[in-house]
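Report on one structure; see the data block that follows.
None of the figures in this text is laboratory data; all of them are computed from the coordinates on show. Fair warning: this is a prediction, and the values are worked out from it, not measured in the lab. Here the Cβ positions follow ideal geometry from the backbone for every residue, glycine too, while neighbour counts run over all protein chains shown.
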Amino acid sequence: MKIAVPLFGSRISPRFDCSNEILVVEAENSKVIHRMTLLIDNLTSFEKIKKLRELKIDAMICGGIDVDSEQRLTSNGIILKAWLSGDAMILLNQFITDNCKSNNITGQKSKESKCTLGNRIVGFRQI
């Protein structure tokens, strides 16, 4: 499985469209087997999604995301875990080891996970 994580330093970027780099990880049997970072600072959201499709990304873990990007990703078969914040590698490892159930991790702050699930608000509609 190939997973993309928009980054802000070592954390998940607060917004997909504002991210300057994306961590791409290939995982197999709950272990990371390949890892690379893509610089995407001059790409539009549409171009970023096109790049993810070209890389055959299966899932993306991100912070905030606009409705159009969310729809483009999911209509292209990319699993989206959105509105997350925290250390990118911690959340990525939780996702890979299947500690990430449904559309959230735990929704709770903790010293162990250092992650939070933000309110799922897209535009003006609550999801």
So which aspartates and glutamates can LYS81 reach, going by Cα to Cα under 14 Å and dropping same-chain residues fewer than 8 places off? ASP58, ASP66, GLU70, ASP98
Compute the Cα gyration tensor for region 1-89, then decide on rounded, prolate or oblate, letting a ≥ b ≥ c be the square roots of its eigenvalues: rounded whenever a/c is under 1.5, prolate when a/b is larger than b/c in the other cases, and oblate in all that remain. rounded
Calculate one ³J(HN,Hα) per residue across region 62-73 by plugging θ = phi - 60° into the Karplus curve 6.51 cos²θ - 1.76 cosθ + 1.60, and present them in order as whole Hz with x for glycine and proline. 8, x, x, 8, 6, 4, 4, 5, 4, 5, 4, 5
Packing rank of 62-70, 47-55, where each peptide gets the mean count of other beta carbons within 10 Å, highest leading: 62-70, 47-55
Can you give me the Cα centroid spacing of region 61-93 and region 3-45 in angstrom? 10 Å
Length gain on complete extension for the stretch ASP58 to ARG35, per 0.36 nm per residue less the alpha carbon to alpha carbon distance? 6.8 nm
